[in-house]
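The values are calculated or read from the model by the stated rules, or taken from the named source; none is laboratory data. In this text, all values refer to a predicted model and were calculated from it rather than measured experimentally. When we count neighbours, we look across all protein chains shown, and the Cβ atoms used for this are built from the backbone with ideal geometry, even at glycine.
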Amino acid sequence: MTGKNGNNKNFEKIILVDNLTSLKEIENFASGKFVKIITFDYASHKKLNEKNIEHEISEIYSNREDVEKTQKKCYEFLKWCDLDIINQNVSFSGINIPKLFTDQLIPSIASGLKKFLELKLITDKFPNSTYFASGELMHIIKTFQRSFTEIPSGKNEEFYFDKIELETKVGKKNITFTISDAWYKKIKNQGEGLLQIIFGNKNNKSDKKSTLIVELNTEIFNDFFLESKKMEKNILYYGRRRPAIWNIESFKIIKNSGCNLITSNKLENKELMESKTIVTKIQEKFLDILDNNQELKDFFSIDEIPLYTVIIPKIKNLVGTRIKKTIFEIIVAKKIFEEYLIDSVIVISGVGMTEQIIIQIAQQQNIPIFHLQEGLHYDTPEAFENSNSQGMFPELADKYIAWGKFSRDNLINFGKTDPDKIVELGSPRFCKLSFKEGENTEDFVLLATMPPQLEEIKGLDVRNLEKYMESILKICEIVSNQKKKLVIKLHPTFDVLDISKNLEKKFPNVQVISKGDINPLIRACSSLIVTGFSTVIIQGQILQKPVISIPLIDYSWGEPSVFKENSCLLINLEQLDETLEKISADTVYKNKLISNSNNFLTKCFKYRKESSQLIWDYIKNNFH
């Protein structure tokens, strides 16, 4: 059960539990009358509920002001890798190694600071109790308490990209499973070796000028790839996280575009072995800095309370153990620029490891970098820190290819981007996406979920996560009561709430799809519901569907243009039943919603159908 912050009764023992704590060990320490158990994340709360173990959730001890202050500190802590002591000693080929891990470190730092905040408040409330904790909770409790006992950890912390989620179809059922990142890369490398044979060896050195495309989704940007064939130059694809080909459709796109695939198999050479001494020196220096540098320790503090015992173990675990692999990635990327005459680089993010490495090498060689706007952005000042942490602003790119006016204003007003860097050329994602009467049906209501933002403390709050799951169940109930079929398309990230499993018993007829293209589903739906803010809103509008947004977690990010322009219905859950009924029964009302959407699209995109051609022409005419 979810506990409530009651009286100030003293407890002899307070047992602190997170997802890494061994539940077997809890039972050994939980004997006695005056015992309080407190969970610090959704996973541990759920496990204790399943075992009917009475407990409180840690969030009941903090308030909104506490959370907002701590969240701000979370984003400040991301700048640790810009300290001179790090930049000067933990770089390879001019590339700051720790900075490459920013996107992976954000959720872990947010989780750690959340625990820190809540533990401080808990120990202030119960100063005379003996605390029992493991792992990270143990590190934190030492800051506030002398009376503590360690509980053995059940497992070690995992980071966001440590596992890869895959989906396969068995009969009519979609089966989702996860594999380690190491296994994924082995499979990917084997697949790339096979592709070299199928496409022929195209990794040979060429004197022809080349554009390097980095980590773009082949299917999403299919028109952009196919349009590249008209260019009188080499088009190269380089994806270390994302394979260029993973199904028949992506195979056809690469084949028909004539795009050359750059694989690590061909690029590995003796330099990797020669770097062994350098790797050792950097690693040893880095670990010494983490253990002994006072400037770094002072950097990680809140109100003069040191947090380095919380943050530095995370950095050691994530960065310190992966320096060799990271230097390998840098060497492989540098070889591309030696093997090919690259005169331009195209990325869609500035935060991914592959993108950061390629961007910095290109910048060192004065090669133009083009940052394509990937999706719909939360264009408000309140959302700036989050957007910036996701690599949405062109920190090092020479040109940012924006969709249109809203994007441009966001970049200039909130991102402080130089207006001369911004070129409004639309989005290649939507060049070929259009309404087709022959493919348009109204077979079901479609719910597209946006996952909780794990880099935000509010996205980790158990109360918000429980409300999120309860809201999904309520949507299922509302649609079912209206005798309509419901299809749920999960966002293609980890399903932290196990939505599929939660629905299996209560709503077995609801179809849950975790992977694949959402556009065919949108074409077949009568109404599109989005849990908050997503590029899916734009896709629904283009395909002439009434779009409903129901924000399930409030991140206090203000009101973005897509809502200000009334281009989709922004409602609360209590209004959904009536809204769906009205869309079904009132054609005039439905058509008005779609008309509003079309008005927004004309403002959102300066160009749309011709965007791919315009971008390639712009690169050709200005940077050759």
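Computed values, structure above
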| item | result |
| --- | --- |
| Subset of segment 394-450 (residues that are part of a strand (DSSP E or B) and either outside the structural domain of Lys489 (by TED's automatic domain parsing) or of a type in the set (Phe, Trp, Tyr) (or both)) | Lys399, Tyr400, Ile401, Ala402, Ile422, Val423, Glu424, Phe444 |
| Condition broken by Glu455, with the remaining ones in (1) more than 30 Å from Glu385 (Cβ to Cβ); (2) outside any helix (DSSP H, G or I) satisfied | (1) |
| Top-ranked residue of segment 527-551 - restricted to ones that are touching a strand residue (DSSP E or B) at 6+ places or on another chain (Cβ under 6 Å) and of a type in the set (Gly, Ala, Ser), ranked as nearest to Asn247 (Cα to Cα) | Gly540 |
| Flag if Glu442 is touching a Ser or Thr at 6+ places or on another chain (Cβ under 7 Å), more than 30 Å from Glu59 (Cβ to Cβ) and surrounded by fewer than 17 Cβ atoms within 10 Å (Cβ to Cβ) | yes |
| Leu552 of a type in the set (A, V, I, L, M, F, W, C) and under 20 Å from Phe435 (Cβ atoms) | no |
| Segments classed as helices (runs of 4 or more DSSP H), wholly inside segment 545-620, with at least 2 members that are within 25 Å of the chain's Cα centre (by Cα) and either in the same structural domain as Leu521 (by TED's automatic domain parsing) or without any contact (Cβ under 8 Å) to a residue 60 or more places away in the chain (or both) | 561-564 |
| Subset of segment 452-507 (residues that are buried (at least 19 other Cβ atoms within 10 Å of the Cβ) and among the aromatic types (Phe, Trp, Tyr)) | Tyr468, Phe507 |
| Residues being without any contact (Cβ under 8 Å) to a residue 40 or more places away in the chain and more than 26 Å from the chain's Cα centre (by Cα) - total across segment 481-509 | 7 |
| Given (1) over 13 Å from Trp616 (Cα atoms); (2) not in a strand (DSSP E or B), number of the condition Tyr237 does not satisfy | (2) |
| Failed condition for Thr178, given (1) at pLDDT below 80; (2) touching a helix residue (DSSP H, G or I) at 6+ places or on another chain (Cβ under 8 Å) | (2) |
| Some residue of segment 277-292 being surrounded by 13 or more Cβ atoms within 10 Å (Cβ to Cβ), at pLDDT below 90 and in a helix (DSSP H, G or I) | yes |
| Top-ranked residue of segment 311-353 - restricted to ones that are polar (S, T, N, Q) and either farther than 27 Å from Asn621 by Cα or not assigned by TED's automatic domain parsing to the domain that holds Gln390 (or both), ranked as surrounded by the fewest Cβ atoms within 10 Å (Cβ to Cβ) | Thr321 |
| In segment 373-421, the residues that are of a type in the set (A, V, I, L, M), buried (at least 20 other Cβ atoms within 10 Å of the Cβ) and within 27 Å of Phe77 (Cα to Cα) | Leu376, Ala383, Met392, Ala397, Leu411 |
| Segment 307-321, residues that are in contact (Cβ under 8 Å) with a residue 60 or more places away in the chain and in a helix (DSSP H, G or I) | Thr309, Val310, Ile311, Pro313, Lys314, Ile315, Asn317, Leu318 |
